[in-house]
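Okay, structure first, notes after.
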Amino acid sequence: MLSEGRRSLALSTRGFMPAEEGDALWQAARAATAAMPGMPMLELGSYCGRSTVWLGDVAEGAGVLLFALDHHRGSEENQAGWDHHDIEVVDERIGKMDTLPFFRATIHDAGLEDSVVGLVGRAPAIGAAWTAPLSFLFIDGGHGEEPARLDYERWTPHVAVGGTLAIHDVFPDPAEGGRPPYEQIYLRALASDCFEERSAAGSLRILTRTR
Ligand code: MG
């Protein structure tokens, strides 16, 4: 488990990862890095670094790197006028969101700068150029149809066989949340016959790559 200090830092960081799901994410990442030693982990959608603290703690313990990817301009559901908008993360000079300074502060304060590598840019472009197999991929990116589809297509092939795919905001019941992470990532992964579901916690789903 996380130390008390890191856990309270994570819980005081902006973001949308409930404590129990963060702990489940930590457990799944621990198992994945133990099964595939030496392989890096990657998080899609780091925002201000809340879930990154749980995953960075695992990376540090396993002696591997966690790549934390985000364009830091906010997903569509974070923009002005949407439910998850936070005015304090807007860079007034340019009138756009910029969560990178918040992310940097979180990783610094967590003492995780040696284990967490921030990647700033668009996930589909980086995914198309990426070559390293991953022990653990956590998808918590844009919740629109196209971002979710592209995260699935460009990133899940990089999960090593035996590695883990974790997906956040999976809502089988439309009354509970948006469809794209469920339809474009979770259902497609299961339909591919390359992934099997291992566990679930809240809206978090943990899958293993089987072939
Ligand atoms: Mg999420």
Item to complete: Using only the Cα atoms of region 55-146, construct the convex hull and provide its projected area averaged over every direction, in square nanometres to one decimal.
Response: 7.2 nm²
Worksheet item: For region 121-172, what size does the Cα cloud have along each of its three principal axes, sorted from largest down, in whole Å?
Response: 27, 24, 15
Discussion item. Counting pairwise Cα distances across the chain, what percent come out greater than 31 angstrom?
Written reply: 11 percent
Worksheet item: Top mean-square fluctuation among A191, A123, A148, Gaussian network model of the chain, C-alpha springs under 10 Å?
Response: A191
Discussion item. Can you tell me the length gained on complete extension of the stretch Q79 to E113, counting 0.36 nm per residue apart and subtracting the Cα distance?
Written reply: 9.4 nm
Worksheet item: In region 30-137, what percentage of the DSSP-assigned beta bridges are antiparallel, given to the nearest 5?
Response: 15 percent
Worksheet item: How far, in nm, would the chain grow between E4 and T131 when pulled straight, counting 0.36 nm per residue and subtracting the alpha carbon separation?
Response: 42.2 nm
Worksheet item: Using the reciprocal of the averaged 1/r over all distinct C-alpha pairs, how large is the Kirkwood radius of region 9-56 in Å?
Response: 11.2 Å
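May I ask you to derive the relative contact order of the chain, considering only C-alpha pairs under 8 Å and at least 6 residues apart, and to give it as an integer percent? Can you show the working numbers first?
Working: 408 pairs, mean separation 43.0, N = 211.
Here the relative contact order equals 20 percent.
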Discussion item. If each residue of separation counts as 0.36 nm, what is the full-extension length gain between R104 and E196 once their alpha-carbon separation is subtracted?
Written reply: 29.7 nm
Worksheet item: R0 = 22 Å: FRET efficiency of E92 with R122, Cβ-based, nearest 0.05?
Response: 0.40
Worksheet item: Relative to the compact globular guide of 2.2 N^0.38 Å, what is the alpha carbon radius of gyration of region 1-111, as a ratio?
Response: 1.10
Worksheet, complete the sentence: Over all directions, region 108-211 yields a Cα convex hull whose mean projected area in nm² is 7.4 nm²
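Every number in this text was worked out from the coordinates using simple rules, so none of it is lab data. Computed from a prediction, not measured in an experiment: that's the story for all the values here. FYI the Cβ positions are ideal-geometry reconstructions off the backbone, even for glycines, and counts take in every protein chain you see.
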